[in-house]
Each structure stands twice: as C-alpha cells, then as structure tokens.
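Undergrad: A single structure is presented below for examination.
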Amino acid sequence: MMKHTTWACVALLWANLLAAQWYNPDKVNRKAQMVYSSAVDELRAGAWNNGKQLMRAALKIDSRFVDAWLSLGGACGQMKQYDSAVYFYEYSRGLDSVYFRNFLLPYSINLAGLGRFGDANTSIAQFLAIPNLDNRSKKAAEYRKDCYAFALDFEKKHPYVAGSFNPNNLGDSINTPRSEYYPSFTIDDSLLVFTRRVDGGREDFYRAALTAVGYTKATPVEGQLNTMPFKGAINLSQDGDWMFFAGDFGGQGYGNFDIYLTYATPQGWSEPYNLGANVNTEFWESGPSLSPDKRTLYFSSDRPGGYGGKDLYTSILLPNGQWTPAENMGPAINTTADDLAPFIHADNQTLYFTSGGHPGYGGSDIYLLRKGPGGQWSMPENLGYPINTIEDDGSLAVASDGQTAFFASARADSRGGLDLYRFLLPKYASPAKTLWIKGTVSDAKTGKGLPSSVELKDIGTGEVLQKITTDEKGFYLVTLPVGKDYSFTINRTGYLYYSQQFLLAGQPPDSTYRKDIALQPIAVNTTMELKNILFETNSFKLKSSSNSELDKLVQLLIDNSTLKVQIAGHTDNIGKPADNMLLSTNRAKAVADYVIGKGLAKERITYKGYGITKPIADNNTEAGRARNRRTEMMVVGL
C-alpha cells in the first residue's frame, strides 16, 4: 500500500512540475520547427488532413512542442472534431499551463462544441481574468461568455437528456455523395421534394414518395423546372398542388434571386410564374414558405428598409390572385443580423426560422414563434442544444404530426456533403398536433365542382383560423390544431351557404376527415337548415353561440339584395302539439327579429312555426328527435 501511495505522490509531483514549466519555443528541435512550418502552410491553405499529419510528424520529433499540440487542437476545432480538439488543448495545458492561458478562448469554444457549457464558462472566466487583454480578444470572449450563460440558463429550464437527440439519415433512396437540402412535404407526408446540388454548383429539384417500407428512389421532379440551373429554396403546399422556389434566371426576373410559383399538372410542374413586384425586388428574395391555408407567404429578403442583413417578410394572396405588398415582420422578430429560412407549420400557428441576431449558442440558431389571439406572434424562442450548436445551424421543417423534424446536416454517417435527416422534436419545441379535413364542393344540381370560399372558426374564441379558396375543381384541404371545436362555412355567390360544426376536441392527431359538400343554387322553394342555431332548453331565447350562424344568414341577405326568405321552426314530438307549435313559432320569430335587427327590411324576412308536423327523422329515438329540433330557411322570392 505504501508503494502505491509513493508512486501516486511522485506522479502528482511530476505533473505539477510539468504544469509549472514555462515553454520556450526557441528551444524546440529545429527539424521539428521546419516540419511545423510546413504544417501551418497546409492548414492556412485549408488542407486540414495534410496539416494535421505534418503536425503529428513534428510531435514525433519533439513531443514537448506545445505550439504543435495547440495547432493540432485548433485544426481539429476547425474540422468540428471537438473531442479531439479538447484532448489536444488539455495535453498542451499539462505541458505548460501558463503558456496555455492565451488559448483558453478557443479551448472554451471546443468545450461548448461538446455541450460542456459549464466547463466552457469556467474557462472563459479564466481567460477574461488575464491582465491587459487586447480589446479584440476581450470582445470575442465577452460574446462567448454571453453564449455560455444563455446555454446554461436554457439547460436549467430544459435539461438535456443524453441520447434524446438522435437524427436518422433518410438513407440511400434520398441521399447521395452530393448535398441534399431544403426538404418539403405534403400534409400526409406522401410526397417529399428537396434540392440536390449537382454538377458545377447547379441545383436541381428531386421528389420521392413515401411507402410502407420507406421512401422510393428519388427522381428529378416532372416537367421542365430542372432545365433552369440557378434555383434553390423550395416549398411544397400542403395539398401538393403548388410549389414555390427561389430562382435567378438571368434577365427574366427583377434582379438577383426572385420567388417563383409553379403548379402541378398531368404533364409535370408548370412553367414557373414570377410572383411580381409586390414580392420580388432587384435584391435577394428566398426561403419561401406557404401557410397551410395557402393565403400567406413567408420569405426572407435583403432589400433596403429592413433591420439588418436579411429580414423575414409576409405577403397575402388576394381573391383576385394578386399578392399584397410584402410587409416586414418587425423588429421583435428581425434583427441586425440575418433572419431567414422561415417554415410555417401545418397548424398555421407555429413558425420556425434561422437567426444570427437573437440570444443563442453562437453563429446562427433555429428559433420558433407561436401565434397568439389576434394573430400576434410571440417573442422568438431558441430551440436549444443540441438542435442548436455553436456552429451556424440551418433550416428546419416539421411534419404535420408535430413531432418529426427534418433538416440537412453533414454528420458522421453522411453519404457526402449535406444529407437529409429526421429526428423527434422535444415537447417544448413542438407545434400543435394537427388533423385535416378534405373534400370537394360541387353544384347540387349538376355535380360540377365549384371554386368556393371555405372558412373555419374556433368555436371557443370565434377567431377565424383559416379562410381558403377551393381549386377550380372545388377541391379543398384544411389543417387544424387538435383539441378544439370548429365551425365550418362554405360560400359562393349565387348559392346558399353551407355551415356545420366539427366537434373535434377529443379527436387524435393525424385524423383525416372527408367532407364533400353540394351547394344549393339560390332558387325559390330552396330550403337550407341553419345547423348552428341554439336555444335555451324549452325556451325561444337564442344562445350567444348562435350569433356566428345568424351573422352568416345576415351576410347572405346582404350579398343577395333581392332575396326574400322564410324562417321555419320545427320541434320533436315531446310535449303537447299546441305547445310545440307555439315554441317553434316563437323560435322562428327570434331568428327573424335578430336578422331584422341588423338593418334588413322586414318585408324580406317572414317566419312560421311548424311544430311537430314536418319531421325529417324518427321521433322514437333521441338521435331522430335531435334532428327534428331544427331551424330552417326557405327562399320565397328573388
């Protein structure tokens, strides 16, 4: 036991002596210095592997060559080999801790690269304690100190669980020795499109379909888009019918990169359409992302008048197909640095973007915004380590399930360059989970599809969540956050509106609903049930929740100024027939009074109670009786 203790003491003494020694570069072996000089030339030229090999050769000649150990650590840090860099820096410190002090800054950066923010913070404090630091070093260190403090504070709020971040490479069907990036997909994930860098810096668009066993082999997108060499950021609409991208087509646009739109056709993607001067300028525009209701386009631009290099902007699609003048998203979101790569999730309430100006880990980080009541965006939230790192972190796309995120990265298992990966988002960074409703709007008489307006409201708040227009064939697809109940309204001039409630608060995410709707052309004797008119029990007092439906009726009469209607009340067979007749009449009158109270002429609105005389379902069941308790509107004049 004494022997082991003695050796331990000797070893400790020897380590302390080594640490106390002052390294003298002038006493390094001359041959080692010559090899070291060649190594530095290689590193300066960016030949990192050659430079590292020469550094190792110099160290074989003189193992106590501290500068070579430090340079080897620096080279590994540049190659993002943080564990090796930390090892070499710490070996250097063991040789001469005093000489090493001037390298505490890069050492701390590599510690942070490993996620060791506490150790990095300690090292940067030691560096700042060095007397007479020059201003440049002090400024760089203060910046890193703020980054480490942010990281430690974030870790307190959201402790990182080792192994929870495990990105999976999308595999050989998608990734190649070239770089793949800008993933985008449809609402059901059935179609993935992305950008691949090919010969001569050219960028082409590729597609792959999702099957039960994974993605099909990626192939170039159909059509003529890939004949145009200079294009990049790509975004697919949720229904897969529209695709936006950034392109520079030499003299065809407004200058630099513009944003274009192309449509899916049976022959492939259509000839791209420039979004025009309200969106594009002579400056750089890129990173398009379309909201799920196809109304709002988010993008980035470096045009004058912003808050920094690149800022986030929005433009709204009008019913006439024109885009409104782009609006800057403001100084709470945009910074003096670059803010770019927006991605609006299928919930239409969560926006991800990349910024170099908000508090973070250093370089560019990924942030999220959440839309609150009234459409106001929250303050940016950093997604945290290890999604964000000390390096520049790129764009992020999140699937409709609110859990699966996609990004491009050059990781250890990359096929070459950037590859596409997916991983599970932590809960604090997840958007709302969604479900979606799709279907076709048609003419009830001809069956022909009708371009129509589709509006969804949150029943609880009355807020309009989405307002879209169906395509030319009447097809629509709307995405909705789970956990809420919705009212669903479809309008088209010359037709009675359609309205229904979707009570979906208890439905699971990724549920799909099909709702095909036949609109009735406005004609005499056409009848429409007012489905969301509610009264107090055994009373003709309207519930306030009926106002939304009543206002739609008012708007119908305003839009069709000659229309005359009768409001009809109906009951089930519970109770005395005479009482039911009176109740139905009073309820019909209450609806008519509400409409007239909005300023419409009395002669256009009549009312009548039918009691139990016109059932539409079996009164022997509760479900049937519920259907019979209804309010209808019938067209009586045009």
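Undergrad: Given R₀ = 45 Å, what would the calculated FRET efficiency be for Glu90 paired with Val464, taking r from the Cβ atoms and rounding to 0.05? Please report the intermediate quantities before stating the final value.
TA: Working: r = 59 Å, r/R0 = 1.32.
E between Glu90 and Val464, to the nearest 0.05, is 0.15.
Undergrad: Jot down the radius of gyration and Dmax of the stretch 433-521, Cα atoms only, both in angstrom.
TA: So, for the stretch 433-521, Rg and Dmax equal 12.9, 38 Å respectively.
Undergrad: What does the charge count near Asp559 come to, summing +1 for each Lys or Arg and -1 for each Asp or Glu among other residues with Cβ under 15 Å from its Cβ? Don't skip to the end; give the middle numbers.
TA: On the way: positive: Arg492, Lys552, Lys564, Lys598, Arg604; negative: Glu455, Asp551.
It works out to a net charge of +3.
Undergrad: Over the alpha-carbon set of the stretch 494-638, work out the extent along each principal axis and list the three values in angstrom, largest first.
TA: Dimensions of the stretch 494-638 along the principal axes of its Cα atoms: 46, 41, 27 Å.
Undergrad: If you wrap a convex hull around the Cα atoms of the stretch 96-182, how much volume per residue is inside, in Å³?
TA: Details: hull volume 15.6 nm³, N = 87.
Residue-normalised Cα hull volume stands at 180 Å³.
Undergrad: Given Leu317, Gly305, Gln466, which one lies farthest toward the positive end of the charge dipole of the chain, if we put +1 on the Cβ of every Lys and Arg and -1 on the Cβ of every Asp and Glu?
TA: Of the candidates, Gln466 comes out farthest on the positive side.
Undergrad: Right, here's the next one. Take every DSSP beta bridge whose two residues both sit in the stretch 522-638, then give the antiparallel share in percent to the nearest 5. Working shown, then result.
TA: Working: 11 of 16 bridges.
Within the stretch 522-638, antiparallel bridges account for around 70 percent of the total.
Undergrad: Let me ask you something else. Just check the chain against the gyration tensor rule for me: Cα atoms, a ≥ b ≥ c as the square roots of the eigenvalues, rounded for a/c under 1.5, and otherwise prolate or oblate depending on whether a/b exceeds b/c.
TA: Numbers: a/c = 3.12, a/b = 2.37, b/c = 1.32.
Verdict is prolate for the chain.
Undergrad: Cα-Cα over 31 Å: which of Lys438/Lys608; Lys80/Lys231; Lys473/Lys614?
TA: Values: Lys438/Lys608 36 Å; Lys80/Lys231 29 Å; Lys473/Lys614 36 Å.
Over 31 Å apart, Cα to Cα: Lys438/Lys608; Lys473/Lys614.
Undergrad: Okay, next question. Based on the Cβ-Cβ distance of Leu582 and Ile616, what FRET efficiency does E = 1/(1 + (r/R0)^6) give at R0 = 25 Å, to the nearest 0.05? Spell out each step's value before the answer.
TA: Values: r = 21 Å, r/R0 = 0.83.
Step by step, r from the Cβ atoms, then E = 0.75.
Undergrad: Show me 338-346, 387-395 ranked by packing, highest mean number of other Cβ atoms within 10 Å first. Walk me through the intermediate numbers first.
TA: Details: 338-346: 24.7, 387-395: 19.4.
Output ranking for 338-346, 387-395: 338-346, 387-395.
Undergrad: Any idea how far apart Asn573 and Lys515 come out in nm if each label point goes 7 Å out from Cα toward Cβ?
TA: Roughly 3.2 nm, to one decimal.
Undergrad: Oh, and also: In debye to the nearest 20, how big a dipole does the stretch 17-157 give about its Cα centre with +1 on each Lys and Arg Cβ and -1 on each Asp and Glu Cβ?
TA: Dipole of the stretch 17-157, to the nearest 20 debye: 100 debye.
Undergrad: Size of the dipole of the chain about the Cα centre, Lys and Arg at +1 and Asp and Glu at -1 on the beta carbon, nothing else charged, in debye to 20?
TA: Working: 65 positive and 65 negative charges, 222 e Å.
The dipole magnitude comes to about 1060 debye.
Undergrad: Could I ask something else about it? With the alpha-carbon atoms as the only input, what is the per residue convex hull volume for the stretch 180-265 in Å³?
TA: 94 Å³
Undergrad: Please name which of Leu340, Val398, Ala601 has its Cα lying farthest along the dipole of the chain towards the positive end, using unit charges on Cβ (Lys, Arg +1; Asp, Glu -1) and the Cα centre as origin.
TA: About the Cα centre, the residue reaching furthest to the positive side is Ala601.
Undergrad: Turning to a different aspect of this structure: Counting only other residues whose beta carbon sits under 11 Å from that of Ser546, what net charge do I get with K and R as +1, D and E as -1? All intermediate terms of the calculation are to be shown ahead of the outcome.
TA: On the way: positive: Lys531, Lys541, Lys543, Lys552, Arg587; negative: Glu536, Glu549, Asp551.
Result for the local shell: +2.
Undergrad: Please identify the trypsin sites (Lys or Arg not before Pro) of the stretch 183-217 that satisfy two criteria: DSSP loop assignment and at most 10 other Cβ atoms within 10 Å. Which are they? Mind showing how you got there, number by number?
TA: Values: sites: Arg196, Arg197, Arg202, Arg207, Lys217; in loops: Arg202, Lys217.
Of the trypsin sites (Lys or Arg not before Pro), the ones in loops of the stretch 183-217 whose Cβ has at most 10 other Cβ atoms within 10 Å are Lys217.
Undergrad: Rounded, prolate or oblate: which one fits the stretch 168-429, using the alpha carbon gyration tensor with axes a ≥ b ≥ c (rounded when a/c is under 1.5, else prolate when a/b beats b/c, else oblate)?
TA: Numbers: a/c = 1.37, a/b = 1.06, b/c = 1.29.
Rounded is the answer for the stretch 168-429, as its axis ratio a/c remains below 1.5.
Undergrad: Decide, for the stretch 17-157, between rounded, prolate and oblate: order the square roots of the alpha carbon gyration tensor eigenvalues as a ≥ b ≥ c, take rounded if a/c falls under 1.5, and otherwise choose prolate if a/b is larger than b/c, else oblate. Don't jump to the answer; show the numbers that get you there.
TA: Working: a/c = 2.12, a/b = 1.60, b/c = 1.33.
Prolate.
Undergrad: Are there any GluC sites (Glu not before Pro) in the stretch 525-569 that are in a DSSP loop and have at most 16 other Cβ atoms within 10 Å? List them by number. Intermediate values should be presented prior to the final figure.
TA: Values: sites: Glu529, Glu536, Glu549; in loops: Glu536.
Filter output for the stretch 525-569: Glu536.
Undergrad: If you don't mind, there's one more thing I want to ask. By Kyte-Doolittle mean hydropathy of at least 0.0 and Cα axial length of at least 24 Å, which whole DSSP H helices of the chain are selected? Mind showing how you got there, number by number?
TA: Working: long enough: 2-20 (27 Å, 1.00); 135-157 (33 Å, -1.32); 577-596 (28 Å, 0.14).
What comes out of the filter, once short or polar helices are dropped, is 2-20, 577-596.
Undergrad: What net charge do the residues around Leu128 carry, taking every other residue with its C-beta under 14 Å from that of Leu128, with Lys and Arg at +1 and Asp and Glu at -1? Don't jump to the answer; show the numbers that get you there.
TA: Values: positive: Arg101, Arg136, Lys138, Lys139, Arg144, Lys145; negative: Asp134, Glu142, Asp146.
After counting each charged neighbour, the total is +3.
Undergrad: Viscosity 0.890 mPa s, temperature 25 °C: what is the translational diffusion coefficient of the stretch 235-357 from Stokes-Einstein with a Kirkwood Rh over Cα pairs, rounded to a whole number of µm²/s?
TA: Working: Rh = 14.6 Å.
The calculation lands on 168 µm²/s.
Undergrad: If you take all C-alpha pairs in the stretch 46-107, what percent of them are over 16 Å apart?
TA: Working: 713 of 1891 pairs.
Across the stretch 46-107, Cα pairs with separations above 16 Å total 38 percent.
Undergrad: OK, next. Can you give the FRET efficiency for Asp392 and Asp172, using 1/(1 + (r/R0)^6), R0 = 35 Å, r = Cβ-Cβ distance, to the nearest 0.05? Intermediate values should be presented prior to the final figure.
TA: On the way: r = 27 Å, r/R0 = 0.77.
That gives a FRET efficiency of 0.80.
Undergrad: Mind checking the full-extension length gain between Leu534 and Arg411? Use 0.36 nm per residue of separation minus the Cα-Cα distance, one decimal, nm. Spell out each step's value before the answer.
TA: On the way: separation 123, 0.36 × 123 = 44.28 nm, distance 5.86 nm.
Result: 38.4 nm gained on full extension.
Values in this text are rule-based calculations from the coordinates and carry no lab data. Keep in mind the model is a prediction, meaning the values are calculated, not measured. All Cβ positions, glycine included, derive from the backbone under ideal geometry; neighbour counts span all protein chains shown.
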